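Q: Mind looking over this structure? Questions follow.
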Amino acid sequence: MRKMITTKKIVILLELVLVGFLCGCTQVAGLDEQLIVYGIGVDKTEGAYELTVQALNTQTTSEASSEEEGKSIVNISATAPTLIETVNKIENQTGKKILYSHAIVLIIGQETAKSGIKEIIKFFSTNHKLRPTVEVLISSAAAKDVLANEGDGDIVNAEDIVSISKIGKESDDGINSNIRYLLSDLENPQKAAKVWLLEYNEDEGKVACSQIALFKSDKLTDILSEEATKGVLLIYKKAKNIADSINVGDAQLYYELSKAKSKINVSVDSNRPVFNVSLCADLELYNADNLAANSEIKPIIESRLTELMQKAIDSCIKKNGCDIFNFYRHIMNANAGFFKENLANMEEVLKAADYEISAQAKIRYMGANQKISSLVY
C-alpha cells in the first residue's frame, strides 16, 4: 500500500513539473498583432517583385460598431528581389505577422504573367496557412492598381472581386483556377493552364471577368476573345448563363443557355486523330416575335454554337498549341499505342487533327405577349 502511495506521489510531482514548463497561451498573437489578409496582388518589374496585400484594418474594425456593415480594409505594398523578402518588408512596416488563412484571391498582373507564374504559385502554395481554394486571377492592369481600385469612394475589396469573377459561372465549368488546380495544370507537361482574366477599366473604376487567359508552360501566351471563351465553356461539358445573340434577317435575337452538355469522341484514322465534338443545349430565346420565322432560327442558333466551339479549338489548339481540353487523354484512352508513339510531339498531333463539331438546340421562346413554345431536338 505504501509503495502504491509513493508511486502516486511521484506521478503527481512529475505532472506538476511538466505544467511548469508549459507556456500557456502567451505565444498566441491577438488580432491587433496580425495582418489578416483577404487579397494578394503580385507584380514584377525590372527584376523585382511588388507584393500588395489587402488586409483588415483591425484597429478601425475594433473601434467600429458591430452593427456597421462592411469591413475597413487597407492596402500595403513592398518591393524586393524575392517574394519572401517582400513579405518580410511588409511585416517590418506594419509590425504584424501576415495571416493568410482568410485570403480568398491572388491577383497577378498581366505583364508579370508573361514572364511566368509558376514561381509565384509555388511560393504561395507552400504556405500551409493559405487555403488551396484561393482563386487566382490575371488582371489586365497591375494587380496593385486593381486592389487599390475605388468604387463609390471605397476600395473594392477582395470579396467583391471574387464575386464578380464567379457571376454567371458554374463551379464546375472547367476553369478551375484556384491555386490547387492551377499548380496541377502548370506541372502537367501535356496540359495547358488557363485562368480567368480580370478586366480593369481604370477610367470607370470597374472590373469584369468574361475572358480566359491562356498559358503555355507557365507563361501567358494569349487572351481568348469573348466568343472563344464561350466556346471553351461549351466544350467543357457544362455551361450555364452564357448570353449571346444572332441575326435573323434584319432582326437581332438574344438567347441565354440554361443547360449545355458536350460529348467528345476520338478515333485514329491513318495515324491522324479525328475528334467528334457534339453539343446538346437548352436555351431561352428573346425578341423572336415573328413565329413564322421559327423554322429558320433553330439551324442558325446551332450553326452559331458550332462556330463558338470551333473558335475555341482554333484559338487554343491550332493557334497556341495549348490543350486545355484534355484532348490528349481522349487519344490515350482510345488508342494507347498511338498515344505512346506520339507522346513527344502531342502538340503537333493535336494541331493536325480533324475536329468535327456539331450542336443541337432545344429552344424556349420567351416574350411578353407570346406563348412559350419549344423546338425539340
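Q: Which of (1) in a strand (DSSP E or B); (2) modelled with pLDDT under 95; (3) over 12 Å from the mean Cα position of the chain (by Cα) does T221 not meet, given it meets every other one?
A: Of (1) in a strand (DSSP E or B); (2) modelled with pLDDT under 95; (3) over 12 Å from the mean Cα position of the chain (by Cα), only one is false for T221: (2).
Q: Just one of (1) at pLDDT below 95; (2) assigned to a strand (DSSP E or B); (3) open to solvent by less than 70 Å² (accessible area, probe 1.4 Å) trips up R364, so point out which.
A: (3)
Q: Out of all the residues in the stretch 111-131, which are polar (S, T, N, Q) and open to solvent by 40 Å² or more (accessible area, probe 1.4 Å)?
A: Selection gives S115, S125, T126, N127.
Q: Also: Within the group V162, V134, V156, which residue is at pLDDT below 80, open to solvent by less than 50 Å² (accessible area, probe 1.4 Å) and within 18 Å of H102 (Cβ to Cβ)?
A: So the residue among V162, V134, V156 that is at pLDDT below 80, open to solvent by less than 50 Å² (accessible area, probe 1.4 Å) and within 18 Å of H102 (Cβ to Cβ) is V156.
Q: It is to be established whether one or more residues within the stretch 178-199 are modelled with pLDDT under 85, open to solvent by 20 Å² or more (accessible area, probe 1.4 Å) and under 30 Å from S72 (Cβ atoms).
A: no
Q: Identify all residues within the stretch 265-288 that are open to solvent by 20 Å² or more (accessible area, probe 1.4 Å) and among the aliphatic types (A, V, I, L, M); write none if there are none.
A: Listed by number, the residues that qualify are V266, V268, V274.
Q: Sticking with this structure for a sec: Can you work out which of the residues in the stretch 228-247 that are open to solvent by 20 Å² or more (accessible area, probe 1.4 Å) and part of a strand (DSSP E or B) is farthest from M309 (Cα to Cα)?
A: Step by step, filter the stretch 228-247, then rank; the result is N247.
Q: OK, next. Please count how many residues of the stretch 218-227 are in contact with a helix residue (DSSP H, G or I) (Cβ under 8 Å, 6 or more places away or on another chain) and either closer than 20 Å to P189 by Cα or surrounded by fewer than 14 Cβ atoms within 10 Å (Cβ to Cβ) (or both).
A: 4
The values are calculated or read from the model by the stated rules, or taken from the named source; none is laboratory data. This structure is a prediction, so every number in the text was calculated from the model and none was measured. Here the Cβ is made from the backbone with ideal geometry for all residues, glycine too, and neighbour counts use every protein chain on show. Protein only, heavy atoms only, side chains kept; ligands, DNA and RNA dropped before computing areas. Shrake-Rupley method; radii C 1.70, N 1.55, O 1.52, S 1.80 Å.
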